[in-house]
1. Check residue 110 against each of (1) surrounded by fewer than 24 Cβ atoms within 10 Å (Cβ to Cβ); (2) farther than 21 Å from residue 142 by Cα; (3) away from the ligand (no atom under 11 Å from the Cβ) and name the one condition it does not meet.
2. So, of the residues in region 92-101 that are out of contact with any helix residue (DSSP H, G or I) (no Cβ under 6 Å at 6 or more places or on another chain) and not hydroxyl-bearing (Ser, Thr, Tyr), which turns out to be nearest to the ligand (Cβ to nearest atom)?
3. Could you grab me the full set of residues in region 19-67 that are of a type in the set (S, T, N, Q) and either more than 24 Å from residue 421 (Cβ to Cβ) or buried (at least 21 other Cβ atoms within 10 Å of the Cβ) (or both)?
4. Against the definition (in contact (Cβ under 8 Å) with a residue 24 or more places away in the chain, more than 15 Å from the ligand (Cβ to nearest atom) and either within 23 Å of residue 19 (Cβ to Cβ) or crowded, with 16+ Cβ neighbours inside 10 Å (or both)), how does residue 347 come out, yes or no?
5. Spot the failing condition for residue 84; the list is (1) surrounded by fewer than 14 Cβ atoms within 10 Å (Cβ to Cβ); (2) within 18 Å of the chain's Cα centre (by Cα), and only one is missed.
6. With 383, 369 as the choices, which residue is touching a residue at least 40 places away in the same chain (Cβ under 8 Å), surrounded by fewer than 23 Cβ atoms within 10 Å (Cβ to Cβ) and in a helix (DSSP H, G or I)?
7. Among the residues in region 173-189, are any in contact with a Pro (Cβ under 6 Å, 6 or more places away or on another chain) and aliphatic (A, V, I, L, M)?
8. Please indicate, with yes or no, whether at least one residue in region 245-262 is assigned to a helix (DSSP H, G or I) and more than 17 Å from residue 305 (Cβ to Cβ).
Amino acid sequence: MVRLHRKEHRDNPEYYTPIYKMALSQFDAAADKLALDPNLRKRFTDPKRAIMVNIPIRMDDTTVEVFHGYRVHHDTTLGPSKGGIRFHPDVSLGEVSALAMWMTWKCALMGLPFGGAKGGVRCDPHALSRNELQRLTRRYTAEIIPFIGPDVDVPAPDVGTNEQVMAWMMDTYSQLKGYSIPEIVTGKPISIGGSLGRVEATGRGVVYCILEAMRHLGMTPDGKTVVIQGFGNVGSHTAHTLSEKGCKIIAVSDVHSGLYNPNGLDITALQKHVQKHLYLKGFSEASEINNHDLLELPCDVLVPAALSEQITEENAERISCTILAEAANGPTTPTADQIVKDRGIFLIPDILANAGGVTVSYFEWVQGLQHFFWKEEEINERLRDIVTLAFGKVLQISLSEKVDMRMAAMMLSIRKIADAKLARGLFP
Ligand code: GLU
């Protein structure tokens, strides 16, 4: 008798959205290549657990608004789950589930003792007052409290959240438990147990990967042209660090506009401008460019550092770079992936390129649990070692198996967790 327990599985309506399909197709391709045991394969396909919460908030005008929030644990084989919290109008169960799956691969790839998670609230944080944002963060934290904990699941910042949001999460969790528990989140302010170097970590990791890719391709950073989509925490620190290494940042963008200067932008001046005016608009030493045209500018290194699904079958033929470094999560769709590969562009996949953030989050968690804090040089050195080592392993697989860097990174991650699952066995 055929048992169809999973008959409708791949039509699961809750989280089986386009972005989840994208994460799944990357997994499927790597699982095929690894000839992964079908029993294990089933266990990776779905998130381990997911919570959906309604978050009622009193707005400043005294009306009550209800927001929708999520927290998804994709896998917890290697340790507590880890991953950011996103505040954005497009947040959905499918998006958060895809991002949680990517966290699983990312943590395993870096050799961190974490599983993968992600959370989010569907809202526009820029349309909320500071007080509304604080109430939303605190009530969301209270709603997901059975799901998080320093040994259970450790949130961090992501798109639309920052150090302040983490501080409110830490305070809410601590108030409800009755004592201070800084280890509940990472990416929090230094004053409450945050780690030196965490804010810059994702950008630094992106740069270490780009430098390794250049070394492999026989290039030097000096005078190389770079285009960066996004000028938030990740984009701006990537720009800053790359310009320190001698690269010429010729274009950057944010949600509202883009800036282009073929002679190179003054990143320090630009960071000051953004600190003052919040957005890039109004910076005088550049011409304007839209996000669409920016991605197609000829350059040595293209860094999508904003949202997912930016390089698609529509524009993949026209992007014009030697190295594509995915600082954002999921910026390249599977169809575009194939085009990028066929065109011989060297891809640094998201789970490797942007893993510097979660790596220093791991350092922050360890420092918090030990109540013993490290020097910034120590943190940056360990970060560089971990990122460079992971890059080297991925490159080695890519060369020996004749696959692109995404496939190589996925193969390495999946194999690690598969081995751990086999060693632990299946309960009961
Ligand atoms: N949100 C970041 C990411 O996507 C950081 C996660 C963390 O530090 O836990 O990797």
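1. The failed condition is (3).
2. Here the answer is 99.
3. First, pick out the residues of region 19-67 that are of a type in the set (S, T, N, Q): 25-26, 39, 45, 54, 62-63.
Within region 19-67, 26, 54, 62, 63 qualify.
4. Numbers: in contact (Cβ under 8 Å) with a residue 24 or more places away in the chain: yes; more than 15 Å from the ligand (Cβ to nearest atom): yes; either within 23 Å of residue 19 (Cβ to Cβ) or crowded, with 16+ Cβ neighbours inside 10 Å (or both): yes.
Yes: the conditions hold for residue 347.
5. (1)
6. After applying the criteria, what remains is 369.
7. Within region 173-189, the first condition is being in contact with a Pro (Cβ under 6 Å, 6 or more places away or on another chain), and the residues that meet it are 183-185, 187.
Then keep just the ones that are aliphatic (A, V, I, L, M); that gives 184-185.
Within region 173-189, one or more residues are in contact with a Pro (Cβ under 6 Å, 6 or more places away or on another chain) and aliphatic (A, V, I, L, M).
8. Checking region 245-262: not a single residue is assigned to a helix (DSSP H, G or I) and more than 17 Å from residue 305 (Cβ to Cβ).
The values are calculated or read from the model by the stated rules, or taken from the named source; none is laboratory data. For clarity, every value in this text was computed on a predicted model and none was experimentally measured. Counting neighbours? That spans all protein chains shown, and the Cβs are built from the backbone with ideal geometry, glycine included.
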